[in-house]
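The values are calculated or read from the model by the stated rules, or taken from the named source; none is laboratory data. Just so it is clear, the model here is predicted, and its values are computed rather than measured. Cβ: placed from backbone, ideal geometry, glycine included. Neighbour counts: every protein chain shown. The accessibility values were calculated without ligands, DNA or RNA, using every heavy atom of the protein model including side chains. Shrake-Rupley method; radii C 1.70, N 1.55, O 1.52, S 1.80 Å.
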Amino acid sequence: MMQSKVVVVTGGGDGIGRTLVQHLASEGWAVCIADIDETAAKKVAADLVAQGHSVIGVAADVASEKDVHRIGEQAEIELGPISAWINNAGNSRPATLLKMEADAFDSVMAVHARGSFLGLREAARRMVASGTKGVVVNVTSSAGLGGTIGQINYASAKGAIIAMTKSGAKELGRYGIRVNAVAPSASTQMTETIMRDEKFSKIYLSRIPLGRFAESEEMAATFSYLLSGASSYMTGQVLSVDGGAYMVS
Ligand SMILES: NC(=O)c1ccc[n+]([C@@H]2O[C@H](COP(=O)([O-])OP(=O)(O)OC[C@H]3O[C@@H](n4cnc5c(N)ncnc54)[C@H](O)[C@@H]3O)[C@@H](O)[C@H]2O)c1
């Protein structure tokens, strides 16, 4: 059945993306989960379908142009015209600058920067074609805002996503399409290494004014705000949901 609120969530099989999918489904969104982990995407979708929600799981690599086009196609055929797209999928290959292989740089740039570009373009093309005044939300990081140690590849990609968000907002405003970004911080698979290492964990915690790590559930409402009419006059912005870890002083 065609739905009126259709959102694509990349990397929706785990972490922040999975929580987001659950949250958006409960708000009445029809969700297309696109994840390189097919089993995870299909499992999250099946659980939500069993609860009466409209959710599909698609296996896709966001760094592949063909795959991203297929995500858009499948979402529109099975759910309806896309009204929102969240570029959330991400990987990490940490190493200090002196030790980082070029391959680790390329791999992280491919998933985050190229993947977000492909998603933004796919969403924009479909929204312009259907006349939908839709929303794209990219996922960046405090690393992209303020730099970081041990992940220059990740910080570079997240910085590119911020510039992409602003450029996308400037180009797409004339169609009524909004493009914003969220810089989250939450306990997930991606941050597990930091959380488990006592030394790292202490250093990170000391930089968070709220003095604690967040659960991925605490990120979801900000995304739904950016998808909703409540943020109708907001575009080209980055919202940090990180306990105050990143601030411009
Ligand atoms: N967790 C944090 O504290 C934090 C902080 C800043 C930014 N972020 C960003 O939030 C987003 C989600 O992170 P998370 O912590 O939930 O990570 P996660 O590792 O828990 O989940 C990432 C998901 O993306 C999928 N994925 C990875 N590569 C993919 C690809 N090429 N194509 C499609 N799917 C792919 C994974 O299979 C997984 O389901 C990422 O963009 C990450 O950089 C997270």
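Give M127, M109 a once-over and let me know the one that is more than 9 Å from the ligand (Cβ to nearest atom) and either charged (D, E, K, R) or open to solvent by less than 40 Å² (accessible area, probe 1.4 Å) (or both).
M127
How many residues are aliphatic (A, V, I, L, M) and open to solvent by 20 Å² or more (accessible area, probe 1.4 Å) if we restrict to the range 22-39? Talk me through it step by step, then tell me what you get.
So the first thing to find is which residues in the range 22-39 are aliphatic (A, V, I, L, M), and the list is 24-25, 30-31, 33-34, 36.
Among the residues that remain, those that are also open to solvent by 20 Å² or more (accessible area, probe 1.4 Å) are: 36.
Within the range 22-39, residues that are aliphatic (A, V, I, L, M) and open to solvent by 20 Å² or more (accessible area, probe 1.4 Å) number 1.
Against the definition (within 16 Å of the ligand (Cβ to nearest atom) and modelled with pLDDT of 95 or more), how does I56 come out, yes or no? Yes: the conditions hold for I56.
For a quick check of your reading: which helices (runs of 4 or more DSSP H) sit entirely within the range 162-231 and have at least 3 residues that are polar (S, T, N, Q) and free of Cβ contacts under 8 Å to residues at least 12 places away in the same chain?
Per the criteria, no element qualifies.
The set of residues in the range 60-76 being open to solvent by less than 10 Å² (accessible area, probe 1.4 Å) and touching a strand residue (DSSP E or B) at 6+ places or on another chain (Cβ under 6 Å) consists of A60, I71, A75. Restricting attention to the range 232-246, the residues being free of Cβ contacts under 8 Å to residues at least 12 places away in the same chain and either surrounded by 12 or more Cβ atoms within 10 Å (Cβ to Cβ) or of a type in the set (A, V, I, L, M, F, W, C) (or both) number 0. One residue stands out in the range 173-208 among those that are touching a strand residue (DSSP E or B) at 6+ places or on another chain (Cβ under 6 Å) and open to solvent by less than 20 Å² (accessible area, probe 1.4 Å): the one that is farthest from S83 (Cα to Cα), namely A183. Which of the following residues is open to solvent by less than 50 Å² (accessible area, probe 1.4 Å), touching a Ser or Thr at 6+ places or on another chain (Cβ under 7 Å), more than 10 Å from the ligand (Cβ to nearest atom) and hydrophobic (A, V, I, L, M, F, W, C): L120, L48, L79? Only one candidate passes the filter, namely L79.
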